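Read the structure below first, then the notes.
Since every read-out is calculated from the coordinates, none of them should be taken as a lab result. In this text the structure is predicted, and so the values were computed from the model without any measurement. For neighbour counting, all protein chains shown are included, and Cβ atoms are generated from backbone atoms with ideal geometry for every residue, glycine included.
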Amino acid sequence: MAEKQAKQNDKKVTPRSEDFAAWYNDICLRAELADYSPVRGCIVFRPDGFAIWEALRDELDRRIKKTGARNAYFPLFIPQSFLQKEAQHVEGFAPELAVVTHGGGKELEEPLIVRPTSETIINHMFAQWIRSHRDLPMMVNQWCNVVRWEMRTRMFLRTTEFLWQEGHTAHATAEEAQSETLGMLEVYRQFVEEFLAIPLIVG
């Protein structure tokens, strides 16, 4: 293990002008932010890399909670039928899905999708929880991991499994929903531009 680490530290950093992607990966490895996982396309967050994630997550979480949203957690596994209910979900995610067909040594009655996003299961639960206008607005946020079977991966930017945040809300009127959407876009904009100091185009 020590020998492998020494070899990694001795490796020269690829010049950025020569190969930007290789330079980026070399920097992440040499800074000990992450390492390659035995599973293709996945990475291991090393303590310094995870500390950066925790700082970003905690700051954004604080800002999200100021909007009135509360954190919840939804299952990693989603019934295949949930994604099939919405054709555009299947179409958009089909090539990237990881599907579980066996559990406990037996074939499952219905295949389970390893979470590419939780939208379909959150909407399913909203339908159980919202009984009248008194239950609105319903605003939940989730911190979790998702799996998308990426063909080309880059540390932290595009990996098969990655850490994720998603918020979902339900409102009494379209106007309230639009207002919340634009308000959250502004939260993201301020976080990226003012906290991370990264210029962006708001979409």
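Side notes on the structure shown:
- Relative contact order (percent, whole number), the chain, Cα cutoff 8 Å, 6+ residue spacing: 18
- Multiplying the residue separation of HIS124 and ASP19 by 0.36 nm and subtracting their alpha-carbon distance yields 33.3 nm.
- Each other residue within a Cβ distance under 10 Å of CYS28 adds +1 if Lys or Arg and -1 if Asp or Glu, for a net charge of 0.
- Using the rule -39500 (n - 2.57) for each DSSP H run of four or more residues, divided by the residues of the chain, the 222 nm mean residue ellipticity is -12000 deg cm²/dmol.
- C-alpha center-to-center spacing [segment 51-122, segment 155-203] in angstrom: 17
- Under a 5 Å amide H cut-off, with hydrogens placed 1.01 Å from N, ALA98 pairs with VAL114, TRP149 among residues at least 5 apart or on other chains.
- Low-density loop cleavage sites - GluC sites (Glu not before Pro) in segment 73-171, where at most 14 other Cβ are within 10 Å (DSSP): GLU86
- Nearest-0.05 FRET efficiency for LYS106 and PHE195, computed from C-beta distance (R0 45 Å): 0.40
- Residue-count net charge about GLY92 - beta-carbon cut-off 13 Å; Lys, Arg +1, Asp, Glu -1: -3
- With Cα atoms, 0 to 90° folded angle of helix 174-190 axis to the chain main axis: 20
- When the chain is treated as a Gaussian network with alpha carbon springs shorter than 10 Å, the biggest mean-square fluctuation among LEU108, LEU83, LEU185 belongs to LEU108.
- In terms of overall dimensions, the chain has a Cα radius of gyration and Dmax of 20.2, 63 angstrom.
- Virtual spin-label span in nm between VAL187 and VAL99, 7 Å along Cα→Cβ: 3.5
- Under a model in which nothing but the beta-carbon of Lys, Arg (+1) and Asp, Glu (-1) is charged, the chain shows a dipole of about 340 debye around its Cα centre.
- Selection of chymotrypsin sites (Phe, Trp or Tyr not before Pro), segment 67-103, meeting DSSP coil and at most 11 other Cβ within 10 Å: TYR73
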